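Peer 1: My questions all concern the structure below.
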Amino acid sequence: MSKLNFAIIGTGGITLQNHLPGLALCKEVQVTALCDANAATLEAARQKTNAPIYSTNWEDIIRRDDIHAVIIATPNAFHPPIAIAAARSGKHVLSEKPLALNAADARQMAEEADKAGVRHMTAFTYRFVPAMRYLHHLVGKGDLGKPYHYRSCRLQDWGTRNVGWRQQKKLAGTGEIGDMLSHRIDFAHHLIGPMKRLVANLMNLTPIRGGAPNDTDDWVAILAEFSNGASGVLESSKLASGVNESWRSPDRVELNGSEASFSFTTGCWNELQFGKVGGPGLKTLPIPREFHVWPGSPRDPGVGDPLVSFRYDQAAEFVNAIREQRPCSVTFHDGANAQAVTEAAVKSAELKQWIDL
């Protein structure tokens, strides 16, 4: 088809920051329909896009025959019913992470999308960071050698402000582990492979946020063993006072292997830290220019803030996968695998024991 009509269900901050600018770069793509349960949020997005179709009821959007693809950016609890309905109606689906409140629902989303023959994608946006792409390339080449250790640490200062539905377990499922650590769990799978078992702890240190109850985790840590024998340490927090937030705060991934070590910091999109076995220490490794933009993306890497604009490549990959009738680079299966780790971590924290995956 020459033109793709998109619907976006959930028109809050992530849609305005990531999805709309990304789609705007793609040729022959139109944001035709918008949906949000909040009428004011919906109206703000409508004024930005001039989308001719809008509704506060997602079923009104899904049943339309003139919509080819759907982006889901709602609270997590609504991802599965919307995604499954969209797939069954023949619509391609990109869903924000975490995919669901539990692993079974995430797996069903993947199975239903496969069965329907539609393209499906989990919004693991950081896969599109140039440094992450180059690191994956180097690991695939064997430059790391045998993997020994994977560690990631994501620290932000969210204070005690109200974070809306994200502090309600019935809508979000989890807090920090699903919101931020899910990306780092996906990093681990992408760079090292599946986890074999884990032990974890979660803490809620702010039972009241902005005057409202919070029943989700503010901090999480996972100690993992991978199927290939490597170890893993993952930590994430909303309460690292004074370190700022988003791409301005600490976000690091480090790999140690038999041949080398690599360190990746999200804020340094165009470089890695690299050291060879027996060497004097880590040194800067620039990212080759061919990794600055995702293959097939029309984005100019010299335009805009590079710590924001790499996210637009996600939309280009989704659109290109639809047009080329191939799987997306990040599918619902990747999201379901991360959800299984999240579920095991929550169970481990409750039982205070190791959990096999």
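Nothing in this text is a laboratory measurement; each read-out follows from the coordinates by a stated rule. Worth saying up front: this structure is predicted, and the values here are computed from it rather than measured. Note that we place each Cβ from the backbone using ideal geometry, even for glycine, and neighbour counts take in every protein chain shown.
Peer 1: Which one of 119, 209, 166 has the biggest mean-square fluctuation once the chain is modelled by GNM with Cα springs under 10 Å?
Peer 2: 209
Peer 1: On a 0 to 90° scale, report how tilted helix 103-116 is relative to the longest principal axis of the chain, with both axes built from alpha carbons and the result rounded to the nearest 10.
Peer 2: Around 60 degrees separate the two axes.
Peer 1: I've got another one for you. How far is the Cα center of segment 245-317 from the Cα center of segment 170-203, in Å?
Peer 2: With segment 245-317 and segment 170-203 each reduced to a Cα centre, they are spaced 21 Å.
Peer 1: Could you work out the local net charge near residue 82, counting Lys and Arg as +1, Asp and Glu as -1, over the other residues with Cβ closer than 13 Å to its Cβ?
Peer 2: -3
Peer 1: Would you work out if segment 240-357 is rounded, prolate or oblate? Take a ≥ b ≥ c from the square roots of the eigenvalues of the alpha-carbon gyration tensor; rounded if a/c is under 1.5, else prolate when a/b is larger than b/c, oblate otherwise.
Peer 2: It comes out oblate by the Cα gyration axes.
Peer 1: Counting each DSSP H run of 4 or more residues in the chain as -39500 (n - 2.57), what helix-only mean residue ellipticity at 222 nm follows after dividing by all residues, to the nearest 500 deg cm²/dmol?
Peer 2: Helix contribution divided over all residues of the chain: -8500 deg cm²/dmol.
Peer 1: Rounded, prolate or oblate: pick one for segment 111-202, where a ≥ b ≥ c are the square roots of the eigenvalues of its C-alpha gyration tensor, a/c under 1.5 means rounded, and failing that, prolate if a/b is larger than b/c, else oblate.
Peer 2: oblate
Peer 1: Using only Cα atoms, what Kirkwood radius does the chain have, in angstroms?
Peer 2: 20.9 Å
Peer 1: Follow-up question, since we're still on this one. Can you return the lysines within cross-link range of residue 91? Criterion is Cα-Cα under 20 Å, with same-chain partners fewer than 8 residues away left out.
Peer 2: In chain and number order, the partners are 3, 27, 115.
Peer 1: Separate question: In whole Å, what is the distance between the alpha-carbon centres of segment 25-94 and segment 144-167?
Peer 2: Distance between centres, Cα-based: 29 Å.
Peer 1: Check the straight Cα-Cα distances from residue 238 and name the lysines below 20 Å, setting aside those fewer than 8 residues away within the same chain.
Peer 2: Excluding near neighbours in sequence, the set is 97, 169, 170.
Peer 1: Can I ask one more? Going by the alpha-carbon gyration tensor, a ≥ b ≥ c the square roots of its eigenvalues, is segment 166-313 rounded (a/c under 1.5) or, if a/c is not under 1.5, prolate (a/b greater than b/c) versus oblate?
Peer 2: oblate
Peer 1: Output the 0 to 90 degree angle, nearest 10, between the alpha-carbon long axis of helix 332-351 and the longest principal axis computed from the alpha carbons of the chain.
Peer 2: 60 degrees
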